[in-house]
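Only one structure is covered here, and it is reproduced in the block below.
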Amino acid sequence: MSLRLRLFLILALATGAIWFSAVIWIEHSTRAQVTRVLDARLAEAARMVSSLLEDRRIAMAGDGAPVAIPLDPHGDYAHQLSCQIWSLQGTLVGQSEGAPQVQLTGAQGTGYSQSTVGGETWRVYTVENPALGVRVMVGDSLGVRDRLVSGVIEGLLLPMALILPLLAAALWVSLGRGLAPMHRLAEALRLRSPSDLSPLPAGPVPAEMRPMRGALDDLFARLAKAREAERDFTAFAAHELKTPLAGLRTQAQIARIAPDEATRSRALQSIERSVDRTDRLVRQLLELSAVEREGAAAERVDLGQLSAEICTDLAPLAETRGVALICDIPQGTEQTLPASGFLLHTALRNLVENALQASSEGGEVRISRRGAVLLVEDDGPGIPEALRARACERFVRGTQGGDGSGLGLAIARAAMERLGGTLELPPSAGQGQRAELHLPSA
């Protein structure tokens, strides 16, 4: 359903509901007014007839036949009234022309009453005159009153029925003109090139569309930034993969034409190192992609067991580098994380691997815990102060030389951000570097 049709239906239904409520209110109000006015006319006519009897301007026949009673006309409504004069003994003394032959009401005393006469409901006002020994009854049929109210309502509904199509057409046209800026925006977006991520052209915009326009401009800016980061990532990844592959090709050629076994052995060792470096780069690229896709399912993690597993996995690397890998977190040290424990595992593993790569032979890498902070410390050269601000960016190496790809810290930071924690690299007073993983509360 289009927005225009939806708004039209809402406005049409709301207008119809208001009109329907107005008709009900007018019908109720009109009926109350008609009842009040006509009841007053009944009482006025009954008192008038009683007064005429007292003044002897209406003479009662001596032969016992009822006399005809002339009512004072009050417009067309006077022809709808019926009057009867009954003696207190129950004898019909007089009646108006067209009045029923049976008694209008059996109520005693002066006042209003309702009765059914000839299948019709009558509203009757009775005046009891003890001095003359008569009761004067003046009444009208409630059907007359219903016809009066119905005439008023019909007089309102007929103009409404004529106006309704005109109102519907006016609503439809007005909605079309009111939604024109949105259609223009949609058309501008439809004609926009997929590569065009610039802000929308400046111009007057309705207040209701400003948040949407601002959100679109913000989305374009974030998409442009993401596209630029993707291009940079692809270029850096291609460069980092190209370097070890070029080394592999060179060393393979050396091994093939080596004049002696020692030269061939050195070439094969270089090939092995290049394969390891390429393998680590590919693994880190896959980890980075997995970190960005990882969901936020809460999990309770044993920090001691997690760090022990990482130490076991990286023990061959530590042995190859001649570095002591020490885990100071006891088993059973649990922490509830608001997201998957995979994120913490990835962040901690990359920090430990970076520390091993940065440490020289005979050095030491230590994993410890201080409250809700995991610490990874090494005694390598540390991150140069000039690189510290950019150390967690992709493909930025925190140390000079080495076989790193510049992704370890970037992966660790991304994982901690998804986890809701932070990675901090405080400057060291002397030799070595400390990395801090600040865990979030569950």
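The values are calculated or read from the model by the stated rules, or taken from the named source; none is laboratory data. Remember, predicted model here, so these are calculated numbers, not experimental data. A quick note on method: Cβ atoms are made from the backbone with ideal geometry, for glycine too, and the neighbour counts reach across all protein chains shown. Heads up: the accessible areas ignore ligands, DNA and RNA and are worked out on the full protein's heavy atoms, side chains in. Shrake-Rupley method; radii C 1.70, N 1.55, O 1.52, S 1.80 Å.
If you go through segment 52-108 and keep only what is more than 15 Å from Leu42 (Cβ to Cβ), assigned to a strand (DSSP E or B) and at pLDDT below 80, you end up with Val67, Ala68, Asp76.
Contact map, segment 34-45: first residue more than 11 Å from Val138 (Cβ to Cβ), second residue of a type in the set (A, V, I, L, M, F, W, C) and open to solvent by 20 Å² or more (accessible area, probe 1.4 Å), Cβ cut-off under 7 Å, separation 6 or more or different chains; pairs are Val34/Leu148. Residues considered: Pro165, Pro211, Pro194. Of these, the only one that is open to solvent by 70 Å² or more (accessible area, probe 1.4 Å), assigned to a loop (DSSP other than H, G, I, E, B) and either modelled with pLDDT of 85 or more or out of contact with any Gly (no Cβ under 8 Å at 6 or more places or on another chain) (or both) is Pro194. Residues that are polar (S, T, N, Q), touching a residue at least 24 places away in the same chain (Cβ under 8 Å) and surrounded by 16 or more Cβ atoms within 10 Å (Cβ to Cβ): does segment 11-28 have at least one? No, because not a single residue in segment 11-28 is polar (S, T, N, Q), touching a residue at least 24 places away in the same chain (Cβ under 8 Å) and surrounded by 16 or more Cβ atoms within 10 Å (Cβ to Cβ).
Any residue that is over 22 Å from Phe8 (Cβ atoms) and either without any contact (Cβ under 8 Å) to a residue 24 or more places away in the chain or of a type outside the set (Ser, Thr, Tyr) (or both) - is there at least one of those in segment 172-188? Yes, the conditions are met somewhere in segment 172-188. Among residues that are modelled with pLDDT of 85 or more, among the small types (Gly, Ala, Ser) and surrounded by 17 or more Cβ atoms within 10 Å (Cβ to Cβ), Gly133 is not included. Is it true that Thr263 is modelled with pLDDT of 80 or more and open to solvent by less than 50 Å² (accessible area, probe 1.4 Å)? When the stated conditions are applied, Thr263 passes them.
Put simply, of Arg145, Arg184 the only residue that is open to solvent by 70 Å² or more (accessible area, probe 1.4 Å) and assigned to a helix (DSSP H, G or I) is Arg184. For segment 21-32, the criterion of being modelled with pLDDT of 85 or more and outside any helix (DSSP H, G or I) is satisfied by no residue at all. Can Gly143 be described as without any contact (Cβ under 8 Å) to a residue 24 or more places away in the chain and under 28 Å from Ala40 (Cβ atoms)? Yes: the conditions hold for Gly143. Can you tell me which residue in segment 29-43 is nearest to the chain's Cα centre (by Cα), limited to those that are farther than 17 Å from Glu154 by Cα and surrounded by 14 or more Cβ atoms within 10 Å (Cβ to Cβ)? Per the criteria, the residue is Thr35.
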